[in-house]
Amino acid sequence: MSSEAHAHAEETLALREQFDTAEQQKDASTLGMWIFLITEIMFFGGMFAAYTIYRSAYPTVFAVASSSLNVTIGAINTCVLLLSSFTMVMAVRAGQMGKRNMIIIFLILTLIFGCIFLGVKAYEWNEKYVEHHMPGQAAFHLEGTPLQGPAKIFFSLYFAMTGLHALHMVVGVGILLTLIVQTRAKKFSAEYFTPIDISGLYWHFVDVIWIFLFPLLYLIDRHLPK
Amino acid sequence: MQLPLFPEQASTISTEVDHLLYFLVAVSVFFTLLIFLAIFYFAIKYRRRSENEIPEHVHTGLTLEIVWTVIPFGLTMIMFTWGASIFFKESRPPDDSMQIYVVGKQWMWKLQHMEGQREINELHIPVGRPVRLTMTSEDVIHSFFVPAFRTKQDVVPGRYTTTWFEATKPGKYHLFCAEYCGTNHSGMIGWVYAMEPQDYQQWLSGAPKGTLSQAGAKLFEDLACSNCHKPDGSGRCPSLVGVFGSTVKLAGGGTVKADEAYIRESILSPAAKVVSGYEPLMPTFQGQVTEEGVVDLIAYIKTLAEKPAEQPSQPGIAASAASTATNR
Amino acid sequence: MTTAVLQERTHYLNNGYGLKSWLLTKDHKRIAVLYFITISIFFALGGVFASLIRLELVTPAGDLVSSETYNKLFTMHGVIMVFFFLIPSVPATMGNFFLPMMIGARDLAFPKINLLSWYLLIAGGGFAIFAMMAGGVDTGWTFYTPYSTTYSNTYVIATALGIFIAGFSSILTGLNFIVTVHRMRAPGMTWFKMPLFVWANYATGVIQVLGTPVIAVTLVLVFCERVFHIGIFDPALGGDPVLFQHLFWFYSHPAVYIMVLPAMGVISELVSTFSRKPIFGYPFVAFSSVAIAVIGFLVWGHHLFVSGQSLYAGLVFSFLSYFVAIPSAIKVFNWTATLYKGSISYATPMLYAFGFIGLFTIGGLTGLFVAALGIDVHVTDTYFVIAHFHYVMVGGTVMAYLGGVHYWWPKMTGRMYPEGWAKLSALFIFVGFNLTFFPQFILGYLGMPRRYHAYPPEFQVLHVASTAGATVLAVGYILPAIYLAWSLRYGPVAGSNPWGATGLEWATPSPPPTHNFDRIPVVTHEAYDYTAVPQEVEVV
């Protein structure tokens, strides 16, 4: 009986001792990541719910506050992130084919794009700080609206949502670094590249969150009457 | 030794609530007994008689499953409808209700009658007349709870909530804060005195003071509101005559009903909903006027809805107070 | 079988003795034991707080502790019991131990993540305990804003952080269970052959995964508001304090089902084993777990009937709340019907199961009271609500938890507990529980508000009765701690299947070997088929 034989066999990365087949293990890992991503959706969902409620309560303030964000930089960052998703896909593809050098190249490219995104984000945050748009600053002031309270709410949500997103990016960068080291150590092969695969899922998810954040935070004043 | 087992019934709604309670208790006792007796009966009748016995197989009955799904569901729908109908009544104060304003703060209740009486942790009301409470909080969430009236409503900072009751029996009833509000939460208690109408009238006349709207009129001058809100509409801000209860057109489209919540919002954050045709010039009065002051102002603006504004009686004092208000 | 046999055979308990072999273990059974020890400590701690609360309430004047202290006591009682005992209770201990065994798996799908979730609970608990040592927290376990964000000057942030971290422990456990049930079932173990305990834990996993992140983000917002004074919840800055309640209860109402669903799963196992019958209406009981998990997400607004939410929101939430009552009723009826023509044993676990069904019936029926709008207006935030949810959480979950602990004790430890003492303590708990909490229904309807440090004197008699009951209850809880510890060394050695039960976990020796099954079983029988009870395993 194969399962009995297996119970006493040495465990490998591709086949941990609790699984019967490598395929079962890969399925389990992928399902686990999907469920984790559902959790993440609910996590961001709470923020999106708060955003929706306050935006409908203070539509004009949100539009004014939104227009103070730098759309050009935001759009550039969106492109950078989309590019990083592309290179991530290529890394997974290289993993499927077992080409370690290609994996490393594409992971490093993804890493660079991710870092560019974070750098630009940091620049934007600093800009907000200089403009006194950061809630908690004593000198907080948003021009163009007398309602400073709701303006603070917008920027609180802005910082909370982009901050949470950036935190996920930082975690993603950590994962990429780990993957690069592991690939160099010849851990992955065409038979076993599950970590690259499910990290890809995670990276795309973080990307998709940004695709929602960008219009909601940067572009909402476009369709309001001036 | 006191051992009450049932609260007093002292409002029109309390008997209705209790009737629903009796129904629920009856249903609950029936099902609890059913389950308990069934368990006891089966446990004794079918007790294990030998270590190795294997009981015969009993097939699941679909009919039985349907029966014990549908019957409880029907019962719960009765409960829902009954409970909802009471809630409807509790949520809709009658039009002829007398108005009382309630401000909660850590850890006291401040109550204001339209006639001007202000009470702390005590509320005097007449029996046989619906009383509508309009409530807000200066700090955290409180909850206005009179068990004998079966009434409870959270008192939320930043907005008005309302409830109403009609006392049926003269007496002295507990008033509790039911929403945890900090250190001295259990000290935020008081009494509701339900009185015969003539006693109530006597109590009202006992402490003659200006009415709420008179206090509001004075505040209106003190805060220099009248500089801009001129009764004939010639000022920089809209006239407030006849505004209460009307529908107001807003700048940027849309309308709002000028109720207590709107007037409160317009005083504390004026830029939120600006009247169409006017500039958002008005400064906020957050921090300059207390919740009780807002209530006074609302009471005054309400009287403007009924008759043209009275001329300010002491223009000199009003002007100096206005300058201090703006200089702070 | 003798004690010597227990020691000779290698099983999960004697497979390594060092601290490292426990703290770095990936074995779901050892992790379950770690959880068991951890949450027992939390339960004891929460129990101490509860005792102090009951002592304080003996007199109306509030003269034992100050009001600050009292407020901290009930807050910490709630925080510890809800987040660090009830939520992990059944899933993290018995679920962890038996879910893989019941479906014929060697371990959970992600053993390292399983260990990580234990460490997260420890870390979260560490923050919570730090908050208590440093000076406590006084917001109530519900953290209502703006009190928690602006007015309380206690350790709100540390406590919230503790709950936040413990939340991830819960999420990861749920995730692990879901994946394990989907991907790790033994050959032949179809969904409808799974024990109902597995169904219940699966449904719980769904709630954990979907609900917990929402409380996490809510706590993040509370944290931001407290630290940066932004106005998400503070009305003075344009925020909405009631929004907090919506977000909080969106998680915390389903969390009630996180606490009670696995307990219902335990009861299904107990009722079946000790009446030697398959659960009456198995598919109905299985699907009712899933129904509870789904509908449970739609009823949070019934905590806000008097919060000032709109009249129509109140109507909708009341209506939906009655829907969630039906699956629970179906379970109770089916358990009772299972007894019909059974072979009923009065072993201690079954006594707990009887206790559960009775108390949960009362807890559930009083849920109908608080779901009725007209009545809830009167009883919400009073002792009626306290009594209601203690009947569900303590009368329900804790009874099932203890029942499960006794039921699986021989499997987990290889030893039997002393039956006489166990029956006595079950009796103490049942009687003590009712004495403690039944008077609180009356108190609540009389109008005694919850979280009151001092109260009007006419409520004293009922409070004294409640405290008297609590002392009986306390004895009932202390007894098992003593005799279970005693049985570890002196209890009679249990066979592999002392109850004649049907689950796959009884097909392994007691205690089970590290990888559960030498040979992965092939499942051919339906669940609870008493013509195919696993035979005593001969140990060589």
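The values are calculated or read from the model by the stated rules, or taken from the named source; none is laboratory data. Remember, it's a predicted structure, so these values are computed and weren't measured experimentally. We place every Cβ from the backbone using ideal geometry, glycine too, and count neighbours over all the protein chains shown.
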- Take the residues in segment C:317-328 that are touching a Gly at 6+ places or on another chain (Cβ under 7 Å) and of a type outside the set (Ser, Thr, Tyr), then tell me which one is farthest from B:THR60 (Cα to Cα). C:PHE317
- Looking at C:MET76, C:MET81, which one is touching a helix residue (DSSP H, G or I) at 6+ places or on another chain (Cβ under 6 Å), surrounded by 20 or more Cβ atoms within 10 Å (Cβ to Cβ) and over 28 Å from B:TRP107 (Cα atoms)? C:MET81
- In segment A:56-164, which helices (runs of 4 or more DSSP H) lie fully inside it and hold 3 or more residues that are more than 20 Å from B:THR284 (Cβ to Cβ), modelled with pLDDT of 90 or more and not hydroxyl-bearing (Ser, Thr, Tyr)? A:71-97, A:100-130
- Message: So for segment B:193-209 (the condition being assigned by TED's automatic domain parsing to the domain that holds B:THR136, touching an Asp or Glu at 6+ places or on another chain (Cβ under 9 Å), closer than 24 Å to B:VAL140 by Cα and not in a loop (DSSP other than H, G, I, E, B)), does at least one residue qualify?
- Response: no
- Task: Consider only pairs whose beta carbons are under 6 Å apart and that are at least six residues apart or on different chains; among these, list those whose first residue lies in segment C:216-238 and is more than 14 Å from chain B (Cβ to nearest Cβ) and whose second residue is of a type in the set (D, E, K, R).
- Result: C:ILE230/A:LYS152
- Scanning segment B:115-161 residue by residue, those in a strand (DSSP E or B), at the interface with chain C (Cβ under 10 Å from one of its Cβ atoms), within 23 Å of B:THR303 (Cα to Cα) and of a type outside the set (S, T, N, Q) turn out to be B:MET135
- Message: Return the residues of segment A:185-225 that are farther than 24 Å from A:TRP34 by Cβ and in contact with a Pro (Cβ under 8 Å, 6 or more places away or on another chain); say none if nothing qualifies.
- Response: A:LEU224
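Could you tell me whether C:VAL306 is part of a helix (DSSP H, G or I) and β-branched (Val, Ile, Thr)?
no
Residues are listed down the side, and each one gets a yes or a no for (1) buried (at least 24 other Cβ atoms within 10 Å of the Cβ); (2) within 14 Å of chain A (Cβ to nearest Cβ):
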{"residue": "C:LEU116", "(1), (2)": "no, yes"}
{"residue": "C:GLY135", "(1), (2)": "no, no"}
{"residue": "C:TRP141", "(1), (2)": "no, no"}
{"residue": "C:PRO146", "(1), (2)": "yes, yes"}
{"residue": "C:PHE168", "(1), (2)": "no, yes"}
{"residue": "C:THR190", "(1), (2)": "no, no"}
- Message: Just to verify a result, which residue in segment C:432-456, among those that are at the interface with chain B (Cβ under 7 Å from one of its Cβ atoms) and in a helix (DSSP H, G or I), is farthest from C:GLY395 (Cα to Cα)?
- Response: C:LEU446
- Task: Look through C:ALA123, C:ALA92 and report the one residue that is modelled with pLDDT of 95 or more, within 21 Å of the chain's Cα centre (by Cα) and either among the hydroxyl-bearing types (Ser, Thr, Tyr) or surrounded by fewer than 24 Cβ atoms within 10 Å (Cβ to Cβ) (or both).
- Result: C:ALA123
- Message: For segment B:182-197: of the residues being surrounded by fewer than 17 Cβ atoms within 10 Å (Cβ to Cβ) and touching a strand residue (DSSP E or B) at 6+ places or on another chain (Cβ under 6 Å), which is farthest from the other protein chains (Cβ to nearest Cβ)?
- Response: B:PRO197
- Take C:TYR312 and decide whether it is among the hydroxyl-bearing types (Ser, Thr, Tyr) and under 24 Å from the mean Cα position of the chain (by Cα). no
- Note on the structure: Note on segment C:365-374: residues closer than 21 Å to C:VAL285 by Cβ and either within 7 Å of another protein chain (Cβ to nearest Cβ) or crowded, with 24+ Cβ neighbours inside 10 Å (or both) are C:LEU365, C:LEU368
- Task: Mind telling me which of the residues B:THR69, B:THR76, B:THR63 ends up being assigned to a helix (DSSP H, G or I) and more than 10 Å from chain C (Cβ to nearest Cβ)?
- Result: B:THR63
- Message: So, in segment C:332-346, how many residues would count as being aromatic (Phe, Trp, Tyr) and under 16 Å from C:TRP499 (Cβ atoms)?
- Response: 1
- If you check every pair at least six apart or on different chains, which have Cβ atoms under 7 Å apart with a residue in segment B:178-196 that is free of Cβ contacts under 8 Å to residues at least 60 places away in the same chain first and a residue that is part of a helix (DSSP H, G or I) and not aliphatic (A, V, I, L, M) second? B:SER186/C:SER67
- Task: From C:TYR312, C:TYR322, C:TYR352, C:TYR346, grab the single residue that is at the interface with chain B (Cβ under 9 Å from one of its Cβ atoms) and assigned to a helix (DSSP H, G or I).
- Result: C:TYR322
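Results for (1) surrounded by fewer than 24 Cβ atoms within 10 Å (Cβ to Cβ); (2) away from chain B (no Cβ under 14 Å); (3) within 16 Å of the chain's Cα centre (by Cα), shown as yes or no for each residue.
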{"site": "C:ASP376", "(1), (2), (3)": "no, no, no"}
{"site": "C:VAL379", "(1), (2), (3)": "no, no, no"}
{"site": "C:ILE386", "(1), (2), (3)": "yes, no, no"}
{"site": "C:PHE389", "(1), (2), (3)": "yes, yes, yes"}
{"site": "C:ALA400", "(1), (2), (3)": "no, yes, yes"}
{"site": "C:TRP408", "(1), (2), (3)": "no, yes, no"}
{"site": "C:LEU424", "(1), (2), (3)": "yes, yes, no"}
- Among the residues of segment C:478-526, write down those that are of a type in the set (Val, Ile, Thr) and farther than 24 Å from C:PHE197 by Cβ. C:ILE478, C:ILE482, C:VAL493
- Flag for C:ALA203 being under 22 Å from A:ASP27 (Cα atoms) and either small (Gly, Ala, Ser) or over 24 Å from the mean Cα position of the chain (by Cα) (or both): yes
- Residues within segment B:159-174 that are out of contact with any Ser or Thr (no Cβ under 7 Å at 6 or more places or on another chain) and surrounded by 24 or more Cβ atoms within 10 Å (Cβ to Cβ), tallied: 0
- Query: Quick one: in segment C:280-301, which of the residues that are farther than 13 Å from C:SER318 by Cα and aliphatic (A, V, I, L, M) is surrounded by the most Cβ atoms within 10 Å (Cβ to Cβ)?
  - Reply: C:ILE292
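Taking the criterion of being within 21 Å of A:TYR54 (Cβ to Cβ) and surrounded by fewer than 21 Cβ atoms within 10 Å (Cβ to Cβ), would at least one residue in segment A:178-186 satisfy it? Spell out how you get there, then give the answer.
The first filter runs over segment A:178-186 and keeps only residues within 21 Å of A:TYR54 (Cβ to Cβ), leaving none.
No, that holds for no residue.
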- Message: Looking only at segment B:132-158, filter to residues that are over 10 Å from the mean Cα position of the chain (by Cα) and among the small types (Gly, Ala, Ser); which one of those is surrounded by the fewest Cβ atoms within 10 Å (Cβ to Cβ)?
- Response: B:GLY158
